[in-house]
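Shown next, in structure tokens, is the structure this report addresses.
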Amino acid sequence: MEGKISKSGFKILSDNRSAGHQYYLSDRIEAGIALVGTEVKSAKDSMIQLKEAFGEVAGHEAWLVNAHISHYSHGNRMNHEVVRRRKLLLHRKEIDKLEEQTREKGLTIVPTKIYLKNGKVKVELAIGRGKKMHDKRESERAREMDAEARAAVRRRTKD
């Protein structure tokens, strides 16, 4: 599967669409990822899944946990582990801010997309607060009403 080119010219390797459904997303931060060996080649082939992934801060370091990067098809027996903790490359102030928000406010670090920027693999992190079931239904209802309104406007402009 080929990655999509976004409006800003980055090649999107993986997109976590379910994050917007499960969380209220706020602050977004760009971070680098420390990848090893064949992980980079697999990432460039868009063989990444972020559905179960989350970020955490432990010991003044930021980590991406449960991100699934498939084995590289042309790799040998020294291929990488598919699911492992990967270090996120952030400035100290950014890590401290993330740690404060997740510890005190009970928020979550959610990876929203992974993309290529100037040949380097980057991840976009968002601060998320979990939605309750009724919030998800409300969001779905609002989305349906918006779609119906657009359809009605289209029908009227055709006549």
Fill in: Semi-axes of the equivalent ellipsoid for the chain, Cα gyration tensor, largest first, Å
32, 23, 14
Worksheet item: How would L25, L88 line up by accessible area, probe 1.4 Å, largest first?
Response: L25, L88
Fill in: the chain: angle of helix 133-158 to the longest principal axis, Cα-based, in degrees nearest 10
60
Worksheet entry | Those lysines that a straight Cα-Cα span of less than 25 Å connects to K44, excepting residues fewer than 8 apart in one chain | K4, K7, K11, K87, K113, K117, K120, K122
Worksheet item: Taking the Cα centre of the chain as origin and charging only Cβ (+1 Lys, Arg; -1 Asp, Glu), how large is the dipole, in debye to the nearest 20?
Response: 480
Worksheet item: List the lysines whose alpha-carbon lies under 22 Å from that of K105, not counting same-chain residues fewer than 8 positions away?
Response: K93, K97, K131, K132, K136
Worksheet item: What relative contact order, as a whole-number percentage, does the chain give when Cα pairs under 8 Å and 6 or more residues apart are counted?
Response: 29
Worksheet, complete the sentence: Asserting the computed 222 nm helical MRE of the chain (DSSP H runs at least 4 long, -39500 (n - 2.57) per run, divided by residue count, to nearest 500) equals -10000 deg cm²/dmol
Worksheet, complete the sentence: In degrees, nearest 10, the alpha-carbon axis of helix 92-104 is tilted away from the dominant principal axis of the alpha carbons of the chain by 60
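The values are calculated or read from the model by the stated rules, or taken from the named source; none is laboratory data. What you see is a predicted model, and the numbers here were worked out from it, not measured in a lab. Backbone-built Cβ (ideal geometry, glycine too); neighbour counts: all protein chains shown. Ligands, DNA and RNA are excluded from the accessible area calculation, which covers all protein heavy atoms including side chains. Shrake-Rupley method; radii C 1.70, N 1.55, O 1.52, S 1.80 Å.
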